[in-house]
1. Report the calculated FRET efficiency for Q103 and T132 (r = Cβ-Cβ distance, R0 = 30 Å), to the nearest 0.05.
2. Can you work out the FRET efficiency for the pair K114 and S75, with r the C-beta to C-beta distance and R0 = 25 Å, to the nearest 0.05?
3. If we restrict to alpha carbons, what Rg and Dmax does segment 72-133 come to, in Å?
4. Which pairs, out of K44/K79; K44/K68; K62/K130, put more than 29 Å between their alpha-carbon atoms?
5. If I stretch the segment between A93 and D50 completely, what's the gain in nm (0.36 nm per residue apart, minus their alpha carbon distance), one decimal?
Amino acid sequence: MIKRSLVALSLVALLGGSAVALAQDAQPKPAPGAREHGMGRMQKKLGLTDDQMTAVRAAYQKHREEQKQLRQQLSVAQKDLRQLALNGADAAALQTKTAEVQQLMGQTVALRVKVLQEIGPVLTPEQRAKFTQASFEHGHGKRGHRRAAPAQS
């Protein structure tokens, strides 16, 4: 039972980073001007018209508060799970908190898909293909990568 909990905890930790990245993709936290820069970059790379950009912005704005709340809930739940695991909580408590984290991660992904479904019809097939492959989308690219830790001698 404990081995299964540790495997689940490892999986949650691994997926947690991915979910946070997805959530940040959906709603980044940069300064107000920086977010607009990302949208401007999106418009330029995809060749979006002003009308398309208005629709894309509206889709993100429509779900902004829900995304923010989910990110906050997920962050708290992950912190609680780490604390439970580090403090030697029993398997039932770990399993319950793991399930909560997984549920919030699923909600985050589902909301991200909802936003993409709203954006999709606004784009041409070529723009959708570029969007799928793009590294500019809200936080991807160089800014999202961590540097490797320096080698210790």
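1. Calculated transfer efficiency: 0.65.
2. So the FRET efficiency works out to roughly 0.75.
3. When restricted to the Cα atoms of segment 72-133, Rg and Dmax are 17.6, 53 Å.
4. Exceeds cut-off: K44/K79.
5. On the way: separation 43, 0.36 × 43 = 15.48 nm, distance 5.06 nm.
Extra length available between A93 and D50 comes to 10.4 nm.
Bear in mind that the values in this text are calculations on the coordinates, not laboratory data. These numbers were taken from a predicted model, which means no experiment stands behind them. Quick reminder, even Gly has a Cβ in these numbers, built from the backbone with ideal geometry, and neighbours come from all protein chains shown.
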